[in-house]
Amino acid sequence: MATYDDRQWILSHIQNSYVTSDDTGLCEVVVQQESGVASVVEFPCLANTDSPPRLNEDPPPHSLDIAPDMDFVGHRQRSYTAQRLEVMRREKKNASKVKRVVWKHNTAPIDERLDAPGNYESELNELFSRKAVITSRNPQDCPLPQQAPVSLLSRLVQQYPDGLNNPFLEYAKFDGTTHTNVQARRISIYLLIGDDPAPNYPLVVSVINCHQARVIDLIGLICWLYTKENRQPPLRGGVEHYALHIAEEDGQVDWDFQALRPRDIIEKFGFNVLALVEKKTVREASQDVVVTLNVAGGAFSKITVDSSITLKEILNRTISKRKDMVRIKDAGLDYHLEREDEPGIALDPEKTLGDINCTEFAVVRDNSKRHEPLMESNNMSVVEATLYKSYRVVWVYKFGKCEASLGISGEKFEIHPLPPKTPGPFLPLRSRTPVTCNMDQVVDCSRKAEKKGKIDIQITCQGENRFKDFIFECETKMGQEILDKCRHIFDLRSSSVRKEFWREKKPFRRHNSLSMRRRPRTENHVNEV
């Protein structure tokens, strides 16, 4: 918005605005300055205005000249209807230049008009006229006939008229070698096929759709690649005659584990090195013997060997599976085999398994003596310690005691109070509620007291804001079994809660937990009541 003090100019501008903004043209006819008449802007009422004096030589004020092509804000645009009519007129004009021809099928074919042979012949010649073929007059100028080119596909078809004779073709859909944008898994497969198999270098297999492919499909894919590459010796039978075993990086098969089950999904396993082993027939399998070798520390190994194998080979196969024994052998020490029931008598390593007629041996280091194992009824292995087992104990708390079922496994720790066999004259002050927690929250299991064939066991668990102690009374044999079970679980599974608990007990020794001493308390460590 602008302020202007020249009234004559303003009136002249208003006059020109009326003229230019009128589409009908009537305003221009009405407001028109005639010749010989005074200027429209010189009105008597404006004689005494405050407008600045205008000199005679100055041109009279006026607005811009009206031009037909001027495009300013005051000009109104054409309406949508006018524009649409203009487009329709243009389309109609262009459509008048197009010629349409309607195609109609001939109802009377040519072969039906045989009544006029002349017309029939002339019409056929017109539709199917012969073309003149340009030939060379000189026969020497004629080029020699060239042999038609044969594509690579035609050569393959001629070379293999019946197709590729690969009986494992149905498993080729799991091959991910040629796939670029599909996620594939690469697995190294050692091929132990033939009468005298020896792993040399693995066959790298790329498998797709691992969430759907099964172990039997992977075996079929390996057999398909093996047959496709014409490897020797040839395969015997179908996929059911082969199995996949876990193998080391150097191709050594881990015979301690069973073969992968054929119906399991490949995605279930994380092994990247496997071995394809040919299953033995019933006659060959009957010659195999399962040998048990006991190692110091309670560990043992079971391997399947042939009856003609020597004891030295059995010993070397056992040592190669254990890194601690390999280090001891590299240091200059060696091992020998003994019968499990005859300690102290070394066996000849050159004898075969059939000559010894024994399937259970003990691996003993040279210049060492095998100790007789203590025959304790509560002696358990590490595997048995992680299994769930329930114990019937007496739960001792601050205001009394009750019978309870104590369940311990590698995952959970449970306490379930049992109802009394014969109800007493008085009801208990407060009934005990069951307790269930994760085994990672159990931080300690110690022997609290022992008296007259019974033992008190104290188990410490993590609560909401503090550590709680649960005291149980049971027989000495059962209590020792509970202590051994908890000790094995603590050794197998580490827990951050357990580490935090023993960090607070750092001034005290670890062996206090399995001794008769009483541990001192901290501010967040109270007895369960």
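Here are some notes:
- When you count the other C-beta atoms within 10 angstrom of each residue and take the mean per peptide, 91-97, 411-417 line up highest first as 411-417, 91-97.
- FRET efficiency for Lys477 and Cys358, using Cβ-Cβ distance with R0 set to 25 Å, rounded to 0.05: 0.15
- Sorting the segments 334-341, 83-90 by their mean number of nearby beta carbons within 10 angstrom, highest to lowest, gives 334-341, 83-90.
- Estimated distance in nm for a label pair at Tyr18 and Leu333, the labels positioned 7 Å out from Cα along Cα-to-Cβ: 12.4 nm
- Contour excess over end-to-end distance, with Cα ends at Ser129 and Val383 and 0.36 nm allotted per residue: 81.9 nm
- Computed lengthening from Arg392 to Arg487, 0.36 nm per intervening residue step minus Cα-Cα distance: 32.3 nm
- Prolate/oblate/rounded call for segment 179-290, Cα gyration tensor, a/c under 1.5 rounded: prolate
- FRET efficiency estimate (nearest 0.05) - Cβ-Cβ, Glu248 to Asp306, R0 25 angstrom: 0.75
- Peptides 357-367, 438-448 ordered by average Cβ neighbours within 10 Å, highest first: 438-448, 357-367
- A Förster radius of 25 Å, combined with the Cβ-Cβ distance separating Tyr80 from Val102, puts the computed FRET efficiency at roughly 0.10.
- In terms of surrounding Cβ atoms within a 10 Å radius of their Cβ, Asp22, Asp5 rank from fewest to most as Asp5, Asp22.
- Count Lys and Arg as plus one, Asp and Glu as minus one, and take only other residues whose Cβ is under 15 Å from that of Ala172; the net charge is then -2.
- Rounded if a/c under 1.5, otherwise prolate or oblate - segment 384-499, Cα gyration tensor axes: prolate
- Simple spin-label estimate for Lys268 and Arg185 gives 1.2 nm between the two label positions (7 Å along the Cα-to-Cβ direction from each Cα).
- Radius 12 Å from Cβ of Lys454, net charge of other residues (Lys, Arg +1; Asp, Glu -1): +1
- In a fully extended conformation the segment linking Leu152 and Ser496 would gain 117.2 nm over its present Cα-Cα distance, using 0.36 nm per residue.
Each reported figure results from applying straightforward, stated rules to the coordinates on display, with no laboratory input. Keep in mind the model is a prediction, meaning the values are calculated, not measured. Here the Cβ is made from the backbone with ideal geometry for all residues, glycine too, and neighbour counts use every protein chain on show.
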